[in-house]
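Laboratory data are not the source of any read-out in this text; all were calculated from the coordinates shown. None of the values given here were measured: they were computed from a predicted structure. Cβ: placed from backbone, ideal geometry, glycine included. Neighbour counts: every protein chain shown.
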Amino acid sequence: MKNYGIAIHGGAGTVSKTIMTKWKAEAYRQALKRAYTVGYLTLHKGGSAMEAVTEAILILENSPLFNAGKGAVFTSNGEHEMDASIMNGKNLKAGAVAGVRSVKNPILLAIAVMKKSKHVLISGEQALEFAREHKLELAPREYFYDESRFKQWQKVAAMDTISLDHDEEEGKKFGTVGAVALDKKGNLAAGTSTGGMVNKKYGRIGDSPLIGIGNYANNNSCAISCTGHGEFFIRSVVAYDISARMLYKGQTLKEASDAVVMEELVKMGGKGGIIGIDNNGNIVMPFNTKGMYRGFKNSRNEEFVGIFDGNKR
């Protein structure tokens, strides 16, 4: 039987251990473990990589701990605008949404775009209209309200600036969630979801909904989901670059991901990390920040959940 497994992330740029309380760290670990466990069980029962990625991301989107779905940060006008994408490594089909409001689970909308439209990426009010047409669950504004997010937004708004959800001095992080998986049939999939920047303006879109940048999957190489400073990831075409290095330079997943995350991004001043799995089931989770919320489980009986720099793989 082929190896199979799943890896997830809940954002990079984590606070220092001196700021992170023990109970808060445990809450993150339990949420991450639940997400990858559900995804792994989906794979173990014969489910597809696409299904496993979806199930894992749904759990993370439904948690207020992460900047995606329920935990999405506030924009400059006090709203929540979310991005998400998903890609199937078997046929290179993909779907994505940007700047959507009121959709409880943006990853499901991205899947609907992939399966029920002729497009890859849709945005804004038209994306919300598409969600209504396909009867996806919507949520009232109050559903997305979180007191800590609100206070975070007020502080940033008072300075008339923007912020990624990663201000390490204040205990924040790059807020994105994602999952990558390899199923028993050898198919890969990747998904990413985010609430974007705190106090963002002008309809800013980061890397998360952009195929080949914040998200990519190809059965011939790997599946990648990114988290970090989106503008740098866009300029570096991070997710596809890792796949291309494997296909055209013959690099391993670890070699390719380390070169991109630990070298190329660093040269540009970009911070963040990625999770990746190749078509042999090898998993990597490199990051160039103080930490990254992450975890994985595979058919080799390997399992890991972490926040800080103890095991980057």
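At 7 Å along the Cα-to-beta-carbon direction for both Asn91 and Lys115, put a label point, then send me their distance in nm to one decimal.
So the two model labels end up 1.2 nm from each other.
Per 0.36 nm of contour for each residue apart, how much would the distance between Gln126 and Val38 grow if the chain were fully extended, relative to their Cα-Cα spacing?
Full extension from Gln126 to Val38 adds 28.5 nm.
Would you mind putting 110-122, 208-220 in packing order, based on average other-beta-carbon counts within 10 Å, highest first?
Ranked from most to least packed, the peptides come out as 208-220, 110-122.
Which entries in the list Lys33/Lys70; Lys115/Lys135; Lys135/Lys185; Lys115/Lys184 go over 20 Å, if you measure between the two C-alpha atoms of each?
Lys135/Lys185; Lys115/Lys184
Given 0.36 nm per residue, what is the gain on full extension from Glu303 to Lys249 after removing their alpha carbon distance, in nm?
Once the chain is fully extended between Glu303 and Lys249, it gains 16.5 nm.
Quick one: length gained pulling Met262 to Asn62 fully straight, 0.36 nm per residue minus the C-alpha distance?
68.9 nm
My understanding is that a pair violates if its Cα-Cα distance is over 28 Å; which of Lys249/Lys271; Lys116/Lys249; Lys267/Lys297 do that in this structure?
Violating the 28 Å limit, Cα to Cα: Lys116/Lys249; Lys267/Lys297.
Using a Förster distance of 41 angstrom, determine the FRET efficiency expected from the C-beta separation of Ala139 and Trp23, and round it to 0.05.
Once rounded, the FRET efficiency stands at 0.90.
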